[in-house]
1. Take the alpha-carbon centre of segment 106-140, take the same for segment 293-324, and report the distance between them in whole Å.
2. Taking the dipole about the Cα centre of segment 311-440, with the C-beta of Lys and Arg at +1 and of Asp and Glu at -1, give me whichever of 350, 410, 362 is farthest to the positive side.
3. Could you size up the charge dipole of the chain around its Cα centre, putting +1 on the beta carbon of Lys and Arg and -1 on that of Asp and Glu, and report it in debye to the nearest 20?
4. Using alpha-carbon positions, what is the distance between the centroids of segment 221-244 and segment 1-26, in Å?
5. Can you compute 3J(HN,Hα) from phi for each residue in segment 69-79, using the Karplus curve 6.51 cos²θ - 1.76 cosθ + 1.60 with θ = phi - 60°, rounded to whole Hz and x for Gly and Pro?
6. Roughly how big is segment 184-288's charge dipole about its Cα centre, with Cβ charges of +1 (Lys, Arg) and -1 (Asp, Glu), in debye to the nearest 20?
7. Just the accessible area per residue of the chain, please: how many Å² with a 1.4 Å probe?
8. For segment 414-429, in order, what is each residue's ³J(HN,Hα) by Karplus, 6.51 cos²θ - 1.76 cosθ + 1.60 with θ = phi - 60°, in whole Hz (x at glycine and Pro)?
Amino acid sequence: MIPLSLAQIAEITGAARDPAADPAAMVTGPVVINSHQVRPGSLFAALPGLRADGHDFAVQAMAAGATAVLASRPPGVPALIVPDVPAALAALARAVVDRLPGLTVAAVTGSAGKTTTKDLAAQLIESMGPTVSPRDSYNNEIGHPLTVLRVTRRTRYLVAEMSARGAGHIAALCEISPPQLGAVLCVGHAHAGMFGSIDEVAAAKAELPAALPAGGVAVLNADDPRVLAMAGRTQARVVTFGRLPGADVRAVGVALDEAGRARFTLVTDAGQAPVRLQLHGGHNVTNALAAAALAGQLGMDVAAAADRLSAAVARSRWRMEVTQRNDGVTVVNDAYNANPEALRAALSALVTMARGRRAFAVLGQMSELGAQAEELHEQAGLQAAGAGLAGLIVVGKEAAPMLTGAKANPAWRGELLQVADAPAAVAAVEERVRPGDVVLVKASRAANLQRVALALTGELPL
Ligand SMILES: Nc1ncnc2c1ncn2[C@@H]1O[C@H](COP(=O)(O)OP(=O)(O)O)[C@@H](O)[C@H]1O
Ligand SMILES: [Mg+2]
């Protein structure tokens, strides 16, 4: 963060400063919401949580060296008191961005692939100058300002992930750190239940291109008609990416190796160069193209972008994370998140990776799909059966419509199984797998199925 005094922070956020808080005391960062992450000079933001209230950790935060606590009620230690702590974080983040005219902000949104794309884009853009990008999926009204507040006077690029669970969310994130570049990956069913319809999802994602200035660049996926249509919603210059010949940044000759990793030729008007991704799954071609387009607009040439993409690794965990067990079983942990589009992508990667081997899928609930949830789970089951699995293990009652869907494919000869929870899923897999088999584990975060994958790989016992 850039150093600010408590007096400055109080003015920026409209906070009431309690008398114990020295107006000249400096916050040098980081701004944190977890008292364990406090360092000398930190500002500790007290948030009400599901299990604990940040205000209860104010004393601990001060003991660890925090300069003050940002709180919504007096916590009994030097504090800045505001009615709404996330709103104060947003105001503070914006004030920091306004003090850094040399900072370029690139934002990524879409229904699936945001975290992967910002991780890839950061790995490219870092080579051009000091870059800040979110940890994990710090992409909402709390995570985004915390990420922005990590920038310093040295930072040249901020690569932000922006998510929406409703109209206006992305616009608000863009207010916090006005982006010059914005990439939209896809419009799908993630959180569709919270929006009402996929058109409303599209409208929410379009808030990113709509927020870009005339001198900015909208990076749009030409393979997704709903995204391409956002060209009409921006004053910025449009750069497209995709697999079709018309895209400005495109992948030609995409092929997947036996581990489901893509290789292709990255082509732009400025040249072309070969890419070999280390990430698994054909869907990562889309994410890689978006990252290359962003970096290209910041001045990276095609050869450098291709080299960096080929060297890039999965920084955030549980996205198509492949582990080879000693007994020859391959475990694919894609349990960070799921929605119909992401599941389709993962099943397709599983089929490629299995090629001639037996494939199992352990699938749990895709949450937040609203009224269409049952139908979309049925379709997912049908798709899973169509993937020719040796076994489909459906976990939890919310995912049960997948069973109906899978049964609707009479040609499928695999084994269909429903289990109640993660331990039962692990037992079911262990009873069935043989050396050479591939097991995909996928569900929404709420289902916690990463526990299944971690147990199968031996990383964490159940
Ligand atoms: N471009 C894509 N299209 C479809 N599904 C994708 C894409 N990229 C990633 N996924 C799927 O979405 C899951 C979450 O990926 P992630 O990069 O964390 O996206 P997000 O941050 O948007 O939730 C992955 O595990 C993968 O299954
Ligand atoms: Mg994410």
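The values are calculated or read from the model by the stated rules, or taken from the named source; none is laboratory data. Keep in mind that what you see is a predicted model, and the values were worked out from it rather than measured. All Cβ positions, even for glycine, are placed from backbone atoms using ideal geometry, and neighbour counts span all protein chains on display. When the accessible area is computed, the model is the full protein with side chains, heavy atoms only, and any ligands, DNA or RNA have been set aside. Shrake-Rupley method; radii C 1.70, N 1.55, O 1.52, S 1.80 Å.
1. Their Cα centres are 10 Å away from one another.
2. Among 350, 410, 362, the one farthest towards the positive end of the dipole of segment 311-440 is 350.
3. That gives a dipole near 780 debye.
4. Comparing the Cα centres of segment 221-244 and segment 1-26, I get a distance of 43 Å.
5. Calculated HN-Hα couplings, in order: 10, 9, 9, 9, 8, x, x, x, 9, x, 8 Hz.
6. Rounded to the nearest 20 debye, it is 180 debye.
7. 40 Å²
8. x, 8, 10, 8, 10, 10, 7, 8, 4, x, 5, 5, 4, 4, 4, 5
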